[in-house]
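Below you'll find the structure, written out as structure tokens, and then a few comments.
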Amino acid sequence: MSHAGRTIPLFKVFMPESVMEPLRATLFSGYIGQGPRVEEFEGALSARLGAPHALALNSATSGLQLALRLAGVGPGDEVITTPLTCAATNWAILAQGAVPVWADVDPATGNLDPRAIESLVTPKAKAVMVVHWGGYPADLDETWSVARRHGLKVIEDAAHAFGSTYKGVHVGTQSDFGVFSFQAIKHMTTVDGGLLLARDASAYSRGKRLRWYGIDREADPTDLRCENDVEEWGWKFHMNDVAATIGLEQLKHVDRIVALHRDNAAFYDRELRNIPGVELLALRRDRESASWIHTIKVDARDEFIAVMRSRGVMTSRVHERNDKHSTVAAWRRRLPQLDAFVARMVCIPVGWWVSEDDRQFIANSIRAGW
Ligand SMILES: Cc1ncc(COP(=O)(O)O)c(C=O)c1O
């Protein structure tokens, strides 16, 4: 079995031709730093997500670090977090000099299991980091409730989840902080870029300064911004107008892109039922995934990946569990649900580029066995 001699990729960059005209205009406008396009992009994202405090940044990694700092996480503090994510989520905790406290995951979704949080809370705990794995919304109500009981801030890493909703509301908009990624292969891209949503107006204003050296760009400049006092140093985390121009064009297409991902995911949820050796993840009625990636659990996973590759279908685990790396070896704990999840999980192509033919081929191929 092979797929007409080509490989169905797991990721593909979406870039509309129509980006060229506005991009040209920005590139030759004489201003390509953080300027009017960034502001316009932030306004458009605020409107799309229903979140008033939006900061466009150079990456989600920066957004996570900024969120942690705004949440008051510093050296020696603890952040309860999931290992099943991109390294960016947890290395941002390390960058703040803080300690990742690994929580086990829900075996039905791969998301942080809120039932694991309570027993991990110590006086040093400052925040909980949740990741919406593949776009599938985490158990936010339960997470908020335990976080509230212990005075912990909640940061949502929604890098996979542009378009995902929880109880009808866009993820990332109701916690203390929400972070999105516009890196190359996300639902929408600015080549590299990120977004930080802050619930609180004062965290937003502080974040606005800390993304640009701590300088208040809105204060009245008499000599550029030379004499503006920096009360608190910040990073260079802002987005630029070139990236924002691409983002504004991408935003026109993102709902259609997300719908295509979802349609393919729904197809697999129908077609892959009742196949021996295949287990599907949970589908709860109160939330909708943007299906950035589509994870299933299979027996003999490594053989599955090899056989699918031989048939022209790229599949992968996508992210290594973060607690496995040497750099965090000191904080390893027993996580039996995660162990069982990562032993069988694999992601299959689900994105906008997967045609009806492609997805049927993939489903047939899985049904045929490996
Ligand atoms: C869950 C998660 N968080 C954060 C990031 C980091 O995003 P960025 O590349 O925009 O820094 C990624 C990147 O893929 C991710 O998958």
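The values are calculated or read from the model by the stated rules, or taken from the named source; none is laboratory data. Just so it is clear, the structure is predicted and the values come from calculations on it, not from any experiment. Neighbour counts are summed over all protein chains in view; Cβ atoms, including those assigned to glycine, are modelled from backbone coordinates with ideal geometry. Surface areas here come from the heavy atoms of the whole protein model, side chains and all, with no ligands, DNA or RNA. Shrake-Rupley method; radii C 1.70, N 1.55, O 1.52, S 1.80 Å.
Below, the figures for the structure above:
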read-out: Given (1) under 15 Å from GLU39 (Cα atoms); (2) within 16 Å of the ligand (Cβ to nearest atom); (3) in a loop (DSSP other than H, G, I, E, B), index of the condition GLN183 fails; value: (1)
read-out: Boolean, GLY234 is in contact with a helix residue (DSSP H, G or I) (Cβ under 7 Å, 6 or more places away or on another chain), free of Cβ contacts under 8 Å to residues at least 40 places away in the same chain and open to solvent by less than 60 Å² (accessible area, probe 1.4 Å); value: yes
read-out: Whichever residue in the stretch 159-173 is among the hydrophobic types (A, V, I, L, M, F, W, C) and under 18 Å from ASP200 (Cα atoms) and, among such residues, is least open to solvent (accessible area, probe 1.4 Å); value: VAL171
read-out: Per-region count, the stretch 130-153, residues within 16 Å of the ligand (Cβ to nearest atom) and in contact (Cβ under 8 Å) with a residue 60 or more places away in the chain; value: 6
read-out: Looking only at the stretch 339-368, and only at residues there that are among the small types (Gly, Ala, Ser) and surrounded by 13 or more Cβ atoms within 10 Å (Cβ to Cβ), the one that is nearest to ASN111 (Cα to Cα); value: ALA340
read-out: Answer residue from the stretch 325-338, given it is farther than 18 Å from THR295 by Cβ and in a helix (DSSP H, G or I) and is least open to solvent (accessible area, probe 1.4 Å) among those; value: VAL328
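Table: residues versus (1) touching a residue at least 12 places away in the same chain (Cβ under 8 Å); (2) within 16 Å of the ligand (Cβ to nearest atom); (3) among the aromatic types (Phe, Trp, Tyr).
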{"position": "PRO36", "(1), (2), (3)": "yes, no, no"}
{"position": "PHE41", "(1), (2), (3)": "yes, yes, yes"}
{"position": "ALA47", "(1), (2), (3)": "no, no, no"}
{"position": "LEU57", "(1), (2), (3)": "yes, yes, no"}
{"position": "THR61", "(1), (2), (3)": "yes, yes, no"}
{"position": "GLY72", "(1), (2), (3)": "yes, no, no"}
{"position": "ALA95", "(1), (2), (3)": "yes, yes, no"}
